[in-house]
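Notes follow once the structure below has been shown.
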Amino acid sequence: MRPLLVVLLALACAGCGGGVAGDTVEERARLLLDFQPNGVHAGIYLADARAYDDAEGVQMDILTPGASTDALRTLQAGQVDVAILDIHDLGLARERGADLVGFAAVVQRPLAAVLAQPEVRSPRDLEGRRAGVTGLPSDEAVLRTVVRGGGGDPARVREVTIGFEAVRALVAGRVAAATAFWNVEGVALRAKRPQMREFRVEDYGAPAYPELVLVTTPQELEEERDGLDALVRALRRGYEEAQRDPESAATAIVDAERRLDRDAVLREIDAVAPAWTAGAAAWGQLRRDVLEAWARWDVATGILRRPPALDRAFALDVGAPS
């Protein structure tokens, strides 16, 4: 049976001849996060805590990735129904032949940035200095865009691969700057070193693309469209309420993920909340003009070889706001 299950919950009446006291048909969606839980996921956890998913007719299961989790393989194998992916990863996966479809924007803005030491007053100051990257193609594109947008020459920056250790490398002084997400690593770094610099890629030439998107397979989209519509409606309610009540959103995450620090999560929510709906009619909206600008930038910076076929790569009307 397909993993976006239609679950029949039948409560049998004891002693009434096997009759049914009540039937509830509810769809079930297994949602894999892109990363360990943090403030960007606040609307998801709040929707779960307040049963917005049940109210919309879908039972949502939130799954967190492990160190070896391959979201693309997990999604294609039908082990999850929906996954949050970085939009660049979706584009790259499709170039490699993966048939996947983005259908909602978790955020409406890039989350990528170059974090830098206090003495780096402008991205141009990185010329001749060491800048850390994870090794992903999008990281190199972000670094070069920020340096070029700040009037510097990217070829004169000494790129070093540091993996996902931006905060540690910066605090230890091993690099002058590093690429990272401003909504997580940037927040953590400012808590440790408030004087550190942050250069967001959107401020240095990148378009306002949706960094994270909900992704599924075309088969799920065709066969379980009602469930996906319901999921987007539930999450929209969660994110809109998280914007109004960030304290409750932080509590929802920490109640579900006890190892997290509530103050840190609240700082992450405060930082990222405007990006959940910035420029959009409602949370989750995907806009063709925005996606076209993203595709052009990804090709121009070498992340993608060619623009993806947007009509196949994205479904713009799932859970569309009325």
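Values computed for the structure shown
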| read-out | value |
| --- | --- |
| Count of the stretch 30-87 residues which are assigned to a loop (DSSP other than H, G, I, E, B) and without any contact (Cβ under 8 Å) to a residue 12 or more places away in the chain | 6 |
| Residue identified as over 20 Å from M60 (Cα atoms), buried (at least 22 other Cβ atoms within 10 Å of the Cβ) and either touching a residue at least 24 places away in the same chain (Cβ under 8 Å) or within 18 Å of the chain's Cα centre (by Cα) (or both) among A295, A252 | A295 |
| Total residues in the stretch 90-107, condition touching a residue at least 40 places away in the same chain (Cβ under 8 Å) and either crowded, with 23+ Cβ neighbours inside 10 Å or of a type in the set (A, V, I, L, M, F, W, C) (or both) | 11 |
| Filtered residues of the stretch 191-228 (kept if within 20 Å of the chain's Cα centre (by Cα) and without any contact (Cβ under 8 Å) to a residue 60 or more places away in the chain) | D203 |
| Of all residues making up the stretch 190-207, the number that are more than 22 Å from W294 (Cα to Cα) and hydrophobic (A, V, I, L, M, F, W, C) | 2 |
| Residues that are under 26 Å from the mean Cα position of the chain (by Cα) and in a helix (DSSP H, G or I), drawn from the stretch 149-182 | G149, A166, V167, R168, A169, L170, V171, W182 |
| Options R305, R267, R296: the member that is at negative phi, of a type in the set (D, E, K, R), in the same structural domain as G97 (by TED's automatic domain parsing) and outside any helix (DSSP H, G or I) | R305 |
| First in the stretch 161-190 and closer than 10 Å to G132 by Cβ and without any contact (Cβ under 8 Å) to a residue 40 or more places away in the chain, second anywhere and small (G, A, S) and buried (at least 16 other Cβ atoms within 10 Å of the Cβ), Cβ under 7 Å, 6 or more apart | I162/G132; I162/A169; I162/A178; A169/G132; A169/A178 |
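The values are calculated or read from the model by the stated rules, or taken from the named source; none is laboratory data. Please read these numbers as outputs of a predicted model, since none were measured by experiment. Here the Cβ is made from the backbone with ideal geometry for all residues, glycine too, and neighbour counts use every protein chain on show.
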